[in-house]
Amino acid sequence: MIWHKKNKKAKEKWITEEERLSIIEKSSKQVSRGVFFATVIIITSFLPVFLLTGQEGKMFHPMAYTKTFILIVDALLVLTLAPVLISFFMKGKFRPDSANPVNRFLERIYTPVIQSVMKWRKTTLAINILALLVSIPLLRSLGTEFMPPLDEQSILFMPVTLPDVSNSEMKRILQVQDKIIKSVPEVDKVLGKAGRASTATDNSPISMIETIIMLKPHKEWREGITKAKIINELDAKLQIPGVVNGWTQPIINRINMLSTGIRTDVGVKIYGQYLDTIAVVSERVKTALEGTAGIADLYVEPITGGKYLAIDTRRADLGRYGLSVDDVNQTVETALGGAPIGQTVEGRQRFSINVRLAQDYRNSVDNIKRIPLRSAAFGEVPLSAVADVKFEDGPPMINSENALLRGAVLFNVRDRDLGSTVKEAIEKLNQQKGILPAGYFLEWSGQYESLIRGQQTLMWIAPIVLVIIFFSLYFAFHSIREAFLSLITVQFALIGGAYIIYFWGVNLSVAVAVCFIALFGIAVETGIVMVIYLNDAMHQLIKRKGNSSEAITREDLREYVIQGAAKRLRPKIMTVCVSLFGLVPVLWATGVGTDVMKPVVLPMIGGVFTSAIHILLVTPLIFLMAKEYELKKYGKLEVYDVHH
């Protein structure tokens, strides 16, 4: 019994409940302020998204609102609920960080690396600055577009032909085209229409065909075939004289037509006072744009070439036969257009009954000339006896915008980015002389119009956002130096984003710009966490040795900076991994929409990776150099309390 008591381990002393709650309170104060302001910064970084208008605004506003409301609630929970939950669940005895095998493994790798960085200071900074400088020409060399194209799993074929084409000829062309399209193995269904639907919102002329081509699943395609190759194959097979082919997709086509009035990717609108002059200018613009790399399906929106049946009465002959102009108009209206004679009721529906001449009696000018008129004095008189009947040329459709007549030169962009294609086209037009007469002007429209609008909004609001982020960091740390130290990570987050989209072959777009905006907030958030722990290490150093240049050596500073960076490595890695683990699976995703999502998440993946490397390696180095400067100049360290 005595031997058992001697060998029984004495009960280890542990902290009281009051001490435990006090530690939780201090720890919450240490990180809550930084996390709160990091949340504010992420919300602020989305300010440009809220200012986007038009199509890009409708696309990204829901995402911005959703993320903002989530972050607002998150900030409130960090300050209120999180400390309470910690006090409930974090009880008992806890092992130190060194007891965690993951933490030991990370420290074993990270500590020698950060020590080498501290030793090779100039080399480390030079590599980072060089990587940043190289990313600038990479970004400038990238193509630009409004939005990454969405593969809708279908094709919209929109050919146009001469404005005076007949209904029977248009029907024949439509049937021939559908038969040729269906002969391609990858095509599943074909549905074409010519002219307008029975709705006031569709103003398509009879000369324009819309054919929706539904494709089979990718697994049923021929080996090595792509959607672009299918379009090229169809375009080669559908070369019909007098028909200009156009290829797009159903959804994006409707969006373009509703937002800009242009049914192709890009359109050059010509404004003026006279349709004949607009037609001449349109042909000049088309000629100047021919041969430009990337321009496909180039054609002029028909302004002339429409056919009108003109019936000009001869008043002298009308008086000879005792007829009036009104008699001729009523007869022609009834014979060609039809006159209502009654109604038919079918259930709840009512239909008007119209009567007019049969098709065989009104399908040519000669037949129309023989339409009889009833004269009181001479009986039946043919229409040709009192009127001249002939076809006249005129505009098939009259378009106007802003109280000005408008024509358009339309084209799609293929095998090249939108921005550089339009830029080269603008340069070609500027080099041409005598294209525009006095009083006429051009306007670029379509997706290029949306691209320029989005770029202008982001360009003037981005500096304002950086200023707001800087002041938020200042309020978090109460130090301009510490705020600058956290903000500098934004520039280095560009490195990874620029490199990954360059080597992935992604064009810059409004969607990619929005992704970079989100990346800035994440990069600053991770930088705040690092600065908090580095400041905490300085507090421990001052508490142990005092705050003077006599008591603190350069080696002490180096030791405690490494300790602040390495001993709290796990929460920093967790902050980065949460972002990466949520984004990386998108790279392996398949299906509809992934071709849009990949360009959006790529900059964030690369930027989070490089900003994390910068924060883990370069931020402690810059922090150490700043503290060495303070110790040398002021004889003490300026340590800012970020706990309260």
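The values are calculated or read from the model by the stated rules, or taken from the named source; none is laboratory data. Model, not experiment: these values are computed from the prediction. Here the Cβ is made from the backbone with ideal geometry for all residues, glycine too, and neighbour counts use every protein chain on show. Accessible surface areas use protein heavy atoms only, side chains included; no ligands, DNA or RNA. Shrake-Rupley method; radii C 1.70, N 1.55, O 1.52, S 1.80 Å.
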What figure, in Å² to the nearest 10, do you get for the accessible area of residue 504 with a 1.4 Å probe and non-protein molecules left out? 130
Once the other residues with Cβ under 14 Å from the Cβ of residue 469 are scored (Lys, Arg +1; Asp, Glu -1), what is the net sum? -2
Report the relative contact order of the range 301-390, percent, no decimals, based on alpha-carbon pairs under 8 angstrom and at least 6 residues apart. 34
Everything considered on the Cα gyration tensor (a ≥ b ≥ c; rounded for a/c under 1.5, else prolate if a/b is larger than b/c, else oblate), the chain must be described as prolate
So which chymotrypsin sites (Phe, Trp or Tyr not before Pro) in the range 78-172 end up in coil per DSSP with only 14 or fewer other C-beta atoms within 10 Å? 94, 120
Put +1 on the Cβ of every Lys and Arg and -1 on every Asp and Glu Cβ in the range 469-572; which of 475, 511, 540 then has its Cα farthest towards the positive end of the dipole? 540
Heavy-atom accessible area of the chain with neighbours in place, 1.4 angstrom probe: carbon+sulfur share in percent works out to 60
Low-density loop cleavage sites - GluC sites (Glu not before Pro) in the range 515-558, where at most 12 other Cβ are within 10 Å (DSSP): 550
Might you tell me the accessible area per residue for the chain, computed with a 1.4 Å probe and given in Å²? 54
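Hand me the GluC sites (Glu not before Pro) from the range 574-644 located in a DSSP loop with no more than 15 other Cβ atoms within 10 Å, in residue order please.
Of the GluC sites (Glu not before Pro), the ones in loops of the range 574-644 whose Cβ has at most 15 other Cβ atoms within 10 Å are 638.
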Taking the dipole about the Cα centre of the range 34-160, with the C-beta of Lys and Arg at +1 and of Asp and Glu at -1, give me whichever of 102, 76, 136 is farthest to the positive side. 102
Computed for the chain: size of charge dipole around the Cα centre, +1 on C-beta of each Lys and Arg, -1 on C-beta of each Asp and Glu, debye to nearest 20, value 3480
Value of [θ]222 nm, deg cm²/dmol, for the chain, DSSP H segments ≥ 4, -39500 (n - 2.57) each, nearest 500: -18000 deg cm²/dmol
Farthest toward positive dipole pole in the chain [+1 Lys/Arg, -1 Asp/Glu at C-beta], among 112, 592, 438: 112
Charge dipole (debye, nearest 20) of the range 560-644; +1 at Cβ of Lys and Arg, -1 at Cβ of Asp and Glu: 280
Any chance you could look up the accessible area of residue 613 with a 1.4 Å probe, heavy atoms only, rounded to 10 Å²? 80
Computed over the chain: relative contact order in percent, which uses C-alpha pairs under 8 Å that are six or more apart: 21
Explain nothing, just the number: dipole magnitude of the range 213-315 about its Cα centre with +1 on each Lys and Arg Cβ and -1 on each Asp and Glu Cβ, in debye rounded to the nearest 20. 300
